[in-house]
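Undergrad: I'd like to ask some things about the structure below.
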Amino acid sequence: MKPKVYFKTFGCRTNLFDSQVMMGALRDYEITENEGEADIVIVNSCTVTNGADVSVRGYINQMDKQGKKLFLTGCGAHTKGESLFGANKVHGVFGQSEKMKINTLLSSENRFYEIGDLNYVDDAIVEEFVGKSRAFIKIQEGCNFRCSYCIIPFVRGDARSMDEGKILEQVSRLASNGFGEFVLTGTNVGSYGQGEGRNIAELMKKMSLIRGVRRIRVGSLEPIQVNESFREILDEPWLERHLHIAIQHSSNEMLRLMNRRNRVENDIELFGMLHKKGFALGTDFIVGHPGESDALWAEAMENIRKLHLTHIHPFTYSKRDGTPSATMKPEVNGAVAAARMAELTRLIEENNRTFRKRVTSPLEVLIESGNGRKYSGYDQYFNKVVVESDEDLSGNWITLEKYEVHDEHNLAQF
Ligand code: SF4
């Protein structure tokens, strides 16, 4: 009987891709989606915030108590790996560059700490996405930006891109295995191909020619990456009608403190143009970064209202040791940051409802989960849709003309 392995994946879509790669590289082990029956647990960790570190450590303690054999990988291996290894909490620690050796690493009698090469280039190809109906395609890794609050470049390395041939082969394999929706992912996705005469828009055009590719989503872009070549594909039928463009803040003074490359005036112009084209618009936003006075917050909220946002990933600033922001003053009180987060989230939720009420085109929904009579998925605007039906809709694409707009999702009968 092969030992059973369970993958616990924290964090971003790039980690989801990496977990899928590791699953594909196992030979002498059986993958289980049932944590309880697992002999071995792979913790593919995240370290983007203090909260992420706390969740990872809490999970490891919980699994340790259950007597699981534990292995730590992912971004947290670079920040917390040594201390967790030193505390004998895990049998082995390995960096992302070592993941293809997982079958050998898991059978190592001796405990090990192999952090590997931060700037390796991934060339793994996956055949499937266990439990998923859309595929995440890692096209890039690392980041050359140096936002003053961010630890990611130190745990994912400098920006580098996957080989174009491998990416296209990856997409055609998954498309021939039934996947129609592809989400491009990476650490700084929009920097794909930089310095190599390639760019993400050209790659997406080539992907769209592959049989079976129906919808392409981009995980996240930086405002400066919605450049001329990207603007050329905005009306393509295979491009989702939602874009996630990370601004992180909407006060120029804060953007300067955060060492961001975007500026409010350009962001307002960009989001205005995309709004006119009917796009749903998402962003990342950090509240409570040191220096965020009441006056700068009021200015930021005034500017946010000019961005037509319908989706948001809001974060409360989290001090990361070793980053420039960690020593910045004055710090923002936790309760104040929480109130700002609530104010921001309320506004965007309201915008989202207004957007959904104004949509006139039919919704193209890929059903991702559900059973019995209830199913759910996301439409081209990346809004959640709940569908009630007597048919088994799992993994299906459906087109909806009639539906009700509810607080957090649209509801339809099919
Ligand atoms: S763009 Fe900035 S926030 Fe994003 S990963 Fe790079 S350094 Fe971090």
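The values are calculated or read from the model by the stated rules, or taken from the named source; none is laboratory data. From a predicted model like this one, the values you see are computed outputs, not experimental measurements. Don't worry about glycine lacking a Cβ; one is built from the backbone with ideal geometry, like all the others, and counts go over all protein chains shown. These accessible areas exclude ligands, DNA and RNA; they are computed on the full protein's heavy atoms, side chains included. Shrake-Rupley method; radii C 1.70, N 1.55, O 1.52, S 1.80 Å.
Undergrad: What does the highest-first list of 293-301, 240-248 look like by mean Cβ count within 10 Å?
TA: Highest mean packing first, the order is 240-248, 293-301.
Undergrad: Looking at the chain only, what percent of DSSP beta bridges run antiparallel? Nearest 5 please.
TA: The answer is about 30 percent antiparallel.
Undergrad: Quick one: which of K206/K402; K8/K69; K4/K374 span more than 23 angstrom between C-alpha atoms?
TA: K206/K402; K4/K374
Undergrad: Now for a separate question. Along the positive direction of the dipole of the range 4-114 (beta-carbon charges: Lys, Arg +1; Asp, Glu -1; about the Cα centre), which of F94, C46, L26 reaches farthest?
TA: Towards the positive end, the residue furthest out is C46.
Undergrad: Assuming 0.36 nm per residue, please report the length gained on full extension of the stretch L209 to I125 beyond their Cα-Cα distance.
TA: The L209-I125 span can extend by a further 28.3 nm.
Undergrad: Ignoring any ligand, DNA or RNA, what whole percent of the accessible area of the chain comes from carbon and sulfur when the probe is 1.4 angstrom?
TA: Within the chain, the accessible surface is 49 percent carbon and sulfur.
Undergrad: Given C-alpha coordinates of the chain, what is the ratio Rg to Rh with the Kirkwood estimate of Rh?
TA: For the chain, the value is 0.96.
Undergrad: Report the relative contact order of the chain, percent, no decimals, based on alpha-carbon pairs under 8 angstrom and at least 6 residues apart.
TA: Relative CO of the chain lands at 10 percent.
Undergrad: Probe 1.4 Å, all protein chains in place: accessible area of C12 in Å², nearest 10?
TA: 70 Å²
Undergrad: Counting only helical runs of four or more DSSP H residues, what would the 222 nm mean residue ellipticity of the chain come to if each run contributes -39,500 (n - 2.57) and the total is spread over all its residues?
TA: -9000 deg cm²/dmol
Undergrad: Report the net charge of residues surrounding S293, where surrounding means a beta-carbon distance below 10 angstrom and charges are Lys +1, Arg +1, Asp -1, Glu -1.
TA: -4
Undergrad: Oh, and also: Counting only residues 5 or more places away or on other chains, whose amide H sits under 5 Å from the amide H of E114 once H atoms are built in the peptide plane?
TA: V93, F94, G95
Undergrad: List the cysteines of the chain that have no other Cys Cβ closer than 4.7 Å: which are they?
TA: C12, C46, C75, C143
Undergrad: Please give the per residue accessible area of the chain, computed with a probe of 1.4 Å over protein heavy atoms only, in Å².
TA: Result: 43 Å² per residue.
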